[in-house]
Each structure stands twice: as C-alpha cells, then as structure tokens.
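Asker: So that we are looking at the same thing, I have put the structure below in structure tokens.
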Amino acid sequence: MKNFLLQFLILWLLVLKTTCSQAQSSADSTTLKITAFKGFYLINSHSPVLVSDSAFLPSFVQIYDPLYRNFLGDPRSGNLGSASFSFVNHLNDYRFFTDGFNQFDAYLIRPDQTTLNGLKRRFTNVNYHLGSKKEQHILISHKQEFRKGLVAGLDFGALSSPGDFSRQLNKNRNFNIYAGYESKSKSYLNFLSYTSNKVENQENGGIVADSVFEDASDLNTKTLPISLAAATTTHRTRDYFIKQQFHLSNLFSNTDSSSVPEFDNNGFVFSHTSWWSRKSVEFVNQNADSSYFTNFYKDSTAADDSSFYYDGFQQVVLGYNFKLNDARFNLGGGYEYQDAHYRTDSINFDQFLGSAILQAHFEDRLFNADFSFRKAISDSYEKVIESQLYVAFSPISKRYKTWASLNISKRPQYFKDQIYVSNHFSWSNDFELAEQLRFETGILIPSLKLKVQATYLNVGNYVFYNEKAEPEMLGKKLNYLEARFTHSWQIGKFGTDNMIRLQNVDESPAVYVPTVALFSSLYYHNSFFKNPLRLKLGVDVTFSSQSELYQYMPATGVFFESTNKKSGNYPRLDLVGVLKIGTANIFVKLEHFNAGLSERDYYGAYLHPLTGRNFKFGLSWDLAD
C-alpha cells in the first residue's frame, strides 16, 4: 500500500509539473480561443450527447461507484469493483464482434470514449476516496492544449476494495494516454491513444447459505463461511487506437492557411481509423477439487480456466462537406473490417467480417442529425446489418435540448456464448444473429435542472444463461422499457438531488430488473464568506424495488437464472457532508448506516450481499484555466 501511495504521489507531481511548465502569461490564456478538433469524434458522432449530463445537473460527487451512478439497480456480486451485468447494454458495442467477458466493464476505461470537444487550456480532475477496511479509489484525469492544435491527456485509476466478507478483495489499475494534432492549414488531423486495464479480483463464490447472513444475531461478516477459499479472476486489456483525417480540398488548395476557417469547410475529407484490442481472462482456483463445481471436463486437479481475445478493426471513409446558407452537410461512404481471434483452451475461433458504410450528417442552428448504415459483405455474415438515426433539436434561446435515436441491427452473438472450453464448462453453439431495435429519446431543461430519458428495446434471439450457468437462446422476443429522471431542486437552504430509474421487461426466465431504482439526496446547504466556502449536510437514500436475484458464476463471469429468491424494497441510508472550497469538493460519508437495524435484505446477487456500514472520506478537485 505504501508503494501504491508513493506511485500516486509521484504521478500527481509529474502532472502538476507538466501543467506549470506549460503555463503562459495571463494575456495569452485570455486571448486563446479553442477551435481545434471542433466536431471531432472517434467512432459514433452522437454518442457523447446521449450519455453525458450538462454541468448544471447534480454531479453526485459522493457517488464514486460508477455502477451506482450509471446503472442503478443492476445486479452485482458484491463490493466496489465487483462483477456486474447490464441488460440495457447488451450487444451495444459499435464493433460487430465482441468477446462477451463484460462483467467488469463499468470499471474499465474505453479508448472510444475520449472526448476533446470543449477542451480548455488546461484541465485536471482529481478524485480520491478513502474508506474503512483500507478501501481506496483514485481517479486522475488531465487534458492540456500545449499550443493551438496540439493536445494531450491522460487518465489514471486505481482501486483497492477489500469488501465485508472473506476473499472479496478487488483491485483495479486503469491507464489511458492520448494525443491529438490538427495542422494549422486544417488539412490534417491525427489522434492516437493507448489504454490499459487490469482487474484482479478475489472470488469467494458467495456465502454458503443466505441463512448464515440473514439469521445471525451478532454478525461478523469476515467469519461467515464462503464457497471458494482460494479463487481469483484476472482481466487484462490493451487497446491501441489511431484516427487520421485528411481534408483533401485544403491539402491541395493554394489558399493561404490563415483564411481557412474550419477543418469541416467545403470539400472532401478522408478518414482512417485503426483499433487494436487484446484481452486475456483467467480464473484460477487453487483448491481445484472444490465441491462448488459440478463438472470437470479435463482434470479434477486442474486449477485454471483461461481465454484470450484479439481484435483488429480498420475503417476508411471518404466524405464530402458542403454548406447551404446556415446549414452544414456531410455525406460519405466507405469500408470497414474486423479481424477477430478468440482462443478458449486449445480451440482457436477466428472470424473476419467486412462491411460497407454509408454516413450522413446535417447541422444548423436548431437541428443536429446523424445517419449511418452498415451492411456486411462477407459471405458468412451476409445478414449482419445495422442502421442508426439520431436527431437533436435546441431552440435559439437554448432553453432546452431534446433528442431521439433509433438503432436497428442484426449482429453476431458474443464469442463466449458460441464456444467455450474450460475445465469446468464446455459448450459449442450455433446461435442465430441477435436482433435488436433500440429507440431512445430525451429532453434537457437547464432552467428546471431536469433531464428525462426513455429507452425501448425489442430484442430477438436473446442469449441468457440457464440454471446450469450455460448459454441458451430465448425462443421469443423480449420487450424492455426504461425511463430515467435526473433532477435537482432547491428552496431556500434546503434541496434535493434525484435519479430515478423505472424499468419493465417481459416475464421470462432470462431477465430480472427492479421496477423502481432510485437515488435521492436530501440536504441542507449554506455558503460562507460570500460563496468561496459552501457546506452541504444531508441524507442519501438508495432504493430498489423487489425483484428476483440472479446467481453469479465466477469461472465464466456470468449472471444466470434465478433460484426464485427475491430481494429489494430495502432503503440504504447514508449520512453525507460535503464542503466545497472553490473548485474542490471534500466529503465525509457514513455509508449504509442502517445496516443491521432491520432485516438483512440487501443483496446484489444470490448469496452475494452488498456492503454494510462503512465510513468514507473523499476529495474531488477540478483545476482548469
């Protein structure tokens, strides 16, 4: 732990040194106007709009767990950093091929989520959270424009969460470094990044029975019997991402570079994207003859199950930009391919998919619209197809913003669902393509501090994991509906920040969701010394309605069919104090202070209780100019 803190301190000092060494005079910083990378995106042009909140909405600084912040109410196997499952994000990756080991995605940095739009001269955000039981979580993000058209940044994360029960230590290390360059003539743009994630989690298989937890009169969670005494899961990912754009009209034009206003002015633009991904997954059980597993396909003394995935993605697009009055258009087409290699035990599963692409973009002072169409031209995947439409509207007054998107697709199933061979599990399936219709809409009203979103999913050929923890394709289509409300309201010195998630899904053995999941913060707030110092004291409430509990299989990282045990209708209460000094937020939190005061009915999955009472301290600090 000392080495970990020392590494963090050294890294932070290097960030500060870089920031200070690049500082310019106040006159320079005030006259700087960021115009580079305007409208730049990596894969999906509209994806940041759908997932991000504006600055006026609650930051929920005390919710440092991304699973609670983004997927409130979803199942999980325990404490911070543990495995989780999101039905609404099923097969939601842009790439057609995916490996299927997604249980830790909520805690990973993805290279295609980096944004450069709206970048200030220098921006640094530091998040540090310290909890009882030696829990620590560090997140650092730094972006900087060294000169006009040259930017760089890094993201660093580290997590250590021991949990309440034996063999529940979760450790994460995340790192992302990137740089972007746009030429003065606005004829060439380049972005490159390197992303690394490592998840190393102890897997205890859950407690041996729910009664040892629910009926205990004097609960000491560390002494409760668990199912796996020496098991560990390790995930490693490496991503290399490069995107280049050539504005051919500017490149071969004799026009003086000072008269070229934007990279997206009239003319042809050629784009090339390369994305190489690697992932290794290993489950090790040092007590190989554990009664936890029913099958040993190779050797009862074998101790590990492992898989490896490599993916090469290439895309080339030629587009044409033109303007009509105040409207801007882009029409383009191209080709992309994905070369994926999946190895499970001694079996190699290699697949190639090439696709034709059509794209269109429209933008004026009121509307923003994107359309894309992708169709596989590989014989073995000729039915693979995806079509997306996104439209956003905002009046000149900017009083609100509303948007809608429609996605219709037929995609290959996860590689892991189709073929998997290990010591404990073995299957080979020929599942039909996954069919999905996804419609999303929302509205953002700054004056009311309100954001409303709705999602409808119609899913065909859905693959779930049955009572044997093996994949099975559902014989009917699933309908799923979700509504999200994010709202902040204040009157006098009292206020409330709320996130509410309402869900409904067809009854089936495949998907279980709580009808209601909410987070509500009720607080008193005040300011001192003419606002430099602000104080907030209150109670946070996290609640999910009752629903069936998934079971969790750590060897494959899947949440599978329920035992009919239900959990929910239980409020988790936190006492929170937040002190804001300038751009720094400091908070103290007594988390789940009502643990044990009533029935112990707080589970993330069957035999996997959530954490109990815990004291935490945190800091979130924005540094920008």
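Asker: Give the accessible surface of the stretch 474-530 per residue, rounded to a whole number of Å², with probe radius 1.4 Å and ligands, DNA and RNA excluded. List each step's numbers first, then the result.
Answerer: Values: 3000 Å² over 57 residues.
Here the per-residue accessible area is 53 Å².
Asker: How big is the Cα convex hull of the chain in projection, averaged over all directions, in nm²?
Answerer: Projected area, direction-averaged: 29.3 nm².
Asker: Also: Could you name the lysines in cross-link range of Lys143, using Cα to Cα under 26 Å and dropping any fewer than eight places away on the same chain?
Answerer: Lys17, Lys33, Lys38, Lys120, Lys171, Lys184, Lys186, Lys198, Lys243, Lys580
Asker: Let me ask something else about it. If I compute solvent accessible area with a 1.4 Å probe over the protein chains, what percent of it on the stretch 69-170 is carbon and sulfur?
Answerer: Details: 1700 of 3140 Å².
In the stretch 69-170, the share of accessible area belonging to carbon and sulfur is 54 percent.
Asker: Please check the chain for the longest run free of GluC sites (Glu not before Pro) that are loop-located per DSSP (anything but H, G, I, E, B) and have at most 15 other Cβ atoms within 10 Å. Don't jump to the answer; show the numbers that get you there.
Answerer: On the way: sites that count: Glu262, Glu382, Glu432, Glu467, Glu507, Glu599.
My reading of the result: 1-261 is the longest stretch.
Asker: Report, by chain and number, residues whose modeled amide H sits under 5 Å from the one on Asn429, excluding near sequence neighbours (fewer than 5 apart, same chain).
Answerer: Excluding prolines and chain starts, which carry no amide H, the hits are Ile419.
Asker: Project the alpha carbons of the stretch 504-605 onto their principal axes and report the range along each, largest first, in whole Å.
Answerer: For the stretch 504-605, the Cα extents along the three principal axes come out at 58, 30, 27 Å.
Asker: Given R₀ = 22 Å, what would the calculated FRET efficiency be for Ser397 paired with Phe485, taking r from the Cβ atoms and rounding to 0.05? Please report the intermediate quantities before stating the final value.
Answerer: Working: r = 23 Å, r/R0 = 1.06.
Step by step, r from the Cβ atoms, then E = 0.40.
Asker: With an 8 Å cut-off on Cα pairs and a minimum separation of 6 or more residues, tell me the relative contact order of the chain in percent. All intermediate terms of the calculation are to be shown ahead of the outcome.
Answerer: On the way: 1575 pairs, mean separation 73.2, N = 625.
Contact order relative to length: 12 percent.
Asker: State, to one decimal in nm, how far the label point of Asp345 lies from the label point of Phe431, with both points 7 Å from Cα in the Cβ direction.
Answerer: 1.9 nm
Asker: Could you order Leu575, Leu607 so the one with the most accessible surface comes first? Probe is 1.4 Å. Mind dumping the intermediate values first?
Answerer: Working: Leu575 80, Leu607 25 Å².
Descending accessible area places them as Leu575, Leu607.
Asker: Given the -39500 (n - 2.57) contribution per DSSP H run of 4+ residues, what per-residue ellipticity at 222 nm results for the chain, rounded to the nearest 500 deg cm²/dmol? Could you put the intermediate results ahead of the total?
Answerer: Details: 7 runs with 48 residues, N = 625.
Roughly -2000 deg cm²/dmol at 222 nm, from the helical runs in the chain.
Asker: In nm, to one decimal, how far is the Glu382 label point from the Lys493 one, both placed 7 Å along Cα→Cβ?
Answerer: Taking the two extended label points, one gets 7.4 nm.
Asker: May I ask which residue of Ile491, Phe104, Ile419 lies farthest towards the positive end of the charge dipole of the chain, with charges of +1 (Lys, Arg) and -1 (Asp, Glu) on Cβ and the Cα centre as origin?
Answerer: Toward the positive end, the furthest listed residue is Ile491.
Asker: Next question, about the same structure. Just in the stretch 500-582: which trypsin sites (Lys or Arg not before Pro) are loop by DSSP and have at most 15 other Cβ atoms within 10 Å?
Answerer: Numbers: sites: Arg501, Lys530, Arg534, Lys536, Lys565, Lys566, Arg572, Lys580; in loops: Lys530, Lys565.
Passing both the DSSP loop test and the Cβ count: Lys530, Lys565.
Asker: In the stretch 104-143, how does Rg compare with the Kirkwood Rh, expressed as the Rg/Rh ratio over alpha carbon atoms? The partial results should precede the final answer.
Answerer: Working: Rg = 13.5 Å, Rh = 12.6 Å.
Expressed as Rg/Rh, it is 1.07.
Asker: Distance between Cα centroids, the stretch 559-584 to the stretch 418-444: provide it in whole Å.
Answerer: Their Cα centres are 28 Å away from one another.
Asker: At 1.4 Å probe radius, can you tell me the per residue accessible area of the stretch 128-207 in Å²?
Answerer: Values: 2560 Å² over 80 residues.
Value returned for the stretch 128-207: 32 Å² of accessible area per residue.
Asker: Calculate the FRET efficiency for Lys530 and Ala303 from the Cβ-Cβ distance with a Förster distance of 45 Å, rounded to the nearest 0.05.
Answerer: On the way: r = 64 Å, r/R0 = 1.42.
Here the calculated transfer efficiency is 0.10.
Asker: With a 1.4 Å probe and every protein chain kept in, tell me what percent of the accessible surface of the stretch 473-525 is carbon plus sulfur. Walk me through the numbers on the way to the answer.
Answerer: Working: 1610 of 2540 Å².
Looking at the stretch 473-525 in its full context, I get 63 percent from C and S.
Asker: Ok, one more. Taking each pair of distinct Cα atoms in the stretch 318-458 once, what is the resulting Kirkwood hydrodynamic radius in Å? Before the final figure, lay out each step's value.
Answerer: Numbers: mean 1/r = 0.0545 Å⁻¹.
Every distinct Cα pair counted, the radius reaches 18.3 Å.
Asker: According to a simple spin-label model (label point 7 Å from Cα along Cα-to-Cβ), what is the distance in nm between Glu200 and Val541?
Answerer: The answer from the label model is 4.2 nm.
The values are calculated or read from the model by the stated rules, or taken from the named source; none is laboratory data. Remember, predicted model here, so these are calculated numbers, not experimental data. Here the Cβ is made from the backbone with ideal geometry for all residues, glycine too, and neighbour counts use every protein chain on show. Accessible surface is based on the protein model in full, side chains and every heavy atom, while ligands, DNA and RNA are left aside. Shrake-Rupley method; radii C 1.70, N 1.55, O 1.52, S 1.80 Å.
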